[in-house]
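The values are calculated or read from the model by the stated rules, or taken from the named source; none is laboratory data. Source: prediction; values computed, not measured. Here the Cβ is made from the backbone with ideal geometry for all residues, glycine too, and neighbour counts use every protein chain on show. The accessibility values were calculated without ligands, DNA or RNA, using every heavy atom of the protein model including side chains. Shrake-Rupley method; radii C 1.70, N 1.55, O 1.52, S 1.80 Å.
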Amino acid sequence: MFFGPSEFDVDDMGYAMSRLETEPDAGKDFSGVGSSSSGSHISSEHLDHDEINQITKLKSSPHQRYSRVVPGRHELPVSTVRMLAGRESNFSGRGGRFSAADCCHMLSRYLPVKGPWLVDQMNSRAYVSQFSTDGSLFIAGFQGSHIRIYNVEKGWKVQKDILAKSLRWTVTDTSLSPDQRNLVYASMSPMVHIVDVGSGTTESHANVTEIHDGLDFSSDEDGGYSFGIFSVKFSTDGRELVAGSSDESIYVYDLEANKVSLRTVAHTSDVNTVCFADESGNLILSGGDDNLCKVWDRRCFIGRDKAAGVLVGHLEGVTFIDSRGDGRYFISNGKDQTIKLWDIRKMSSTPPAKHDVIRNYEWDYRWMDYPPEARDLKHPFDQSVATYKGHSVLRTLIRCYFSPSHSTGQKYIYTGSNDSSVYIYDLVSGDKVAVLEHHSSPVRDCNWHPHYPTLISSSWDGDLVKWEFPGRGEAPIMSKKRVRRRHLYY
């Protein structure tokens, strides 16, 4: 069930949800629909926010001749009809072709809010889900040792059903290699396992029907201490893995040498999330339960366990980081119930001496609600560019992402939520443009197709469901489970 701006027809829905409103105040908190809370910020944040505003406009706004305002008429988003008519008249001077920004402008109007359609239903919690880079495959990992790979182009047929080996607690993360030949999966163990995705066997039972090679991230220095891996990612060239662990460390694993090539003690608590900042593989981003986001440059390590930079702003632990892919901007989800947008150029060499905010309450996100008195707290040294509020980050490490570059110009960010929903925010204005509701348990992960207006949400209720833009008119195939329904309108 979709909840969004009311008083619009389906044909006009895209206009309402994709309007780009440039707010005069930068570096502020975004909470609710079109609302903001004021705060004192240094002037450089205005420049940073203006820059991300302009970059987003360049990637997702039509040619200026399409959007030329007729005197005496209000400026409105450019309709698809007008774009097509302008293309036929060669308004942009491109020989009757759309630019990438023109395509993003049209596609970003069509949000995946229709549905849901049931893709699969399991008897265990869904923890991770992701599309392949080209969108042809979809991977979902469940607590009950199962990882399923679906062929999206063949009607979501299960291409590979993997029964994980030596699983501790749950599948904490999966990552598909860039060539889509290998999949790695991690759990609360120092062993990461790798599976051949391209083999002809559908049923892949560890060391029964197929060999799941183990990649050992432990060393003799650990003294027999066993740790778990929360996050694992392939490098863009497929030669390395980067992982974040419960022993406060970041690991880089060389697949060709079949050994750990780098280990650094990165945080003072669990490292919940890691990723590469860009395609070069030189910059690594990490987030931990010490509330910090850190940047690591492999080309110039200042010293052992010394990050290139630190970004302060979250009041509680960081659950997930997603890079914009430009080596500059990234977003993070936090247990302080916020998503923050960061600019790497604002990082400091070390955190402030007293960067921890003293709190007068006891709280554990795994089984307690976030304290009401903490909701309006702000970090005195907040270095983030913008903050987004409205979703709930409780019970598990909930993930957030930028919307796809190809189809939306990354003008949205979206996240799962403990309240069983998926939230979509406008990156620049901070508006909550859509809330997708179907599940009866927390949505830990969700993923937007790289090319089409299709989004998959995966939940602890075991459901994988598909959301699309209203189009073909087919009736949603609903789960047989009893799910709660909330009727809320903005």
**OP:** Provide 174, 268 ordered by accessible surface of protein heavy atoms (probe 1.4 Å), highest first.
**Re:** 268, 174
Original post:
Could you give the radius of gyration (one decimal) and Dmax (whole number) of the Cα atoms in region 290-434, in Å?
Top reply: 15.5, 46
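Can you tell me the length gained on complete extension of the stretch residue 134 to residue 363, counting 0.36 nm per residue apart and subtracting the Cα distance? Display every interim value, and only then the final one.
Details: separation 229, 0.36 × 229 = 82.44 nm, distance 4.13 nm.
Taking 0.36 nm per residue and subtracting the Cα distance, the gain is 78.3 nm.
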**OP:** Count neighbours as other Cβ atoms within 10 Å of each site's Cβ, and list the trypsin sites (Lys or Arg not before Pro) in region 116-177 that are DSSP loop with at most 16 such neighbours.
**Re:** 168
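Quote to one decimal, in nm, the extra length available between residue 279 and residue 158 on full extension: 0.36 nm per residue of separation minus the C-alpha distance between them.
Numbers: separation 121, 0.36 × 121 = 43.56 nm, distance 3.01 nm.
Result for the pair: 40.6 nm of gain on full extension.
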Original post:
In region 202-265, which trypsin sites (Lys or Arg not before Pro) fall in coil by DSSP and have 16 or fewer other Cβ atoms within 10 Å?
Top reply: 239
**OP:** Report residue 172's accessible area, 1.4 Å probe, all protein chains in place, as a number in Å² to the nearest 10.
**Re:** 10 Å²
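Give me the extension gain from residue 381 to residue 168: residue separation times 0.36 nm, minus the current Cα-Cα distance, reported in nm with one decimal. Don't jump to the answer; show the numbers that get you there.
Numbers: separation 213, 0.36 × 213 = 76.68 nm, distance 3.80 nm.
Taking residue 381 through residue 168 to full extension adds about 72.9 nm, to one decimal.
Among the listed pairs 165/340; 346/411; 160/432, give every one whose C-alpha distance is greater than 29 Å. Working shown, then result.
Details: 165/340 36 Å; 346/411 21 Å; 160/432 36 Å.
Among 165/340; 346/411; 160/432, the Cα-Cα distance tops 29 Å for 165/340; 160/432.
How do 369, 50 rank by accessible surface area computed with a 1.4 Å probe, from largest to smallest? Don't skip to the answer; put the middle values down first.
Working: 369 125, 50 80 Å².
My answer, sorted largest first, is 369, 50.
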Subject >> Mean accessible surface per residue for region 365-462, computed with a 1.4 Å probe while every protein chain stays in place, in Å² >> reply: 27 Å²
Original post:
residue 171 accessible area, nearest 10 Å², 1.4 Å probe?
Top reply: 0 Å²
Original post:
So how exposed is residue 270, as accessible area in Å² (1.4 Å probe, rounded to 10)?
Top reply: 40 Å²
